[in-house]
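Bear in mind these aren't lab numbers, they're just calculated from the coordinates by the rules spelled out. In this text the structure is predicted, and so the values were computed from the model without any measurement. Cβ coordinates were reconstructed from backbone atoms using ideal geometry, including for glycine residues, and neighbour counts include every protein chain displayed.
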Amino acid sequence: MSKEKKEFLMVFSGDHLPIEGKKATTKEEIVALLQDDMKGEHAAIIQYLQHSYKIGDDAGEVNSEIESIARDEMRHFRWLGELIVEYGGDPTMLRDPIFLDAPDTTDLLALDVDAEQRAIEQYRDHLAAIDEPKVRLYIRRILMDEIFHQGKFRGFIAELGGDEDKEVKPGDTGPWNKDPNPASQDLELNEKGDAVPADMQDAKRDDHPLVKLLNNRIHQEYETILIYLHQAFISQNPEQRNFLISDKAVWHMTHMGTLGEAVADMDEKPDMELDFNEKFLEKAPVEPRQFNRWAVTREQELNKITEELLAHPIFHGSDPDEDLLSDLKRINGHGKFQVEQLQLDVDK
Ligand SMILES: [Fe+2]
Ligand SMILES: [Fe+2]
Ligand SMILES: [Fe+2]
């Protein structure tokens, strides 16, 4: 029986796994564990997206498969957010540290195997600590995915001729590090293989005239996505909730992806580092109508950045990047539609 198969059976045997530590019995204690899980899912989403952009088309279908794993993590993130609200908590938009660089592609993927390992261990711990049937159901379901994901990442490494058992540890500080207030930080490996903070301001970065503008835009997209998702989770208005998740946030995710790939294509790092003190959430009012009004303004701001990008001399020279230009035009079209669509809701 394969290791994965055995692990599947363990998850579904219903037996409590070895218990270390105490049970989470109050709603607050359960919420605290779910918040911790949410930060890890958030980190996994961004780490996998970044890795997929970095790998690009160099490794066959691997990048699109990683993006599909990232979409699973988005589902987990949403489930945890909704559970937290159900148990009386506020879904966190904080993120655990992510690891962006490794000497080569298979080492990069080994960081993802490691991320899944930490997730698997954390979910097992939480399964052991929580008796609440509904929460257990969701965690078991998520755990099943994480075990599957780890197998997939190992498979990608083997496919690319790497050693799937090679351990690449990104230093001692990592996501799932039990620190209740981990400093959110993008990390990369230096030449010696040590995890060091990724320096987005490094003079070596942003040396392409477009990169700074695109990164600024990626930043805004990312912040908008998180604000929309947070509002969706806490909104008591089901119509607004669905609208924000399945429509608004999803569109901005595609924009963030398109722009992220463009930056990675220029051999630069897409800037997905926010000020994760959660203060950015305070920018938006919570009451649905006021929120929609705020969203109109936010969409207008985004449109302004798109117009600025489209006006950039680089697109008006002799050799413009036609692919990026058409992507930006598409984003521009989305942006105008989003403003008018939100406006309809405000005027209702
Ligand atoms: Fe997950
Ligand atoms: Fe996963
Ligand atoms: Fe967008």
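Points to keep in mind about this one:
- The residues neighbouring residue 279, those whose beta-carbon lies less than 15 Å from its own, together hold a net charge of -4 under the Lys/Arg +1, Asp/Glu -1 convention.
- Entries of 212/269; 248/336; 54/212; 212/283; 304/336 with Cα pairs more than 19 Å apart: 212/283
- Whichever aspartates and glutamates have a C-alpha closer than 12 Å to that of residue 22, once near sequence neighbours (fewer than 8 apart) are set aside: 125, 131
- Near the amide H of residue 130, within less than 5 Å, lie the amide hydrogens of 24, all on another chain or at least 5 residues away, with H placed in the peptide plane.
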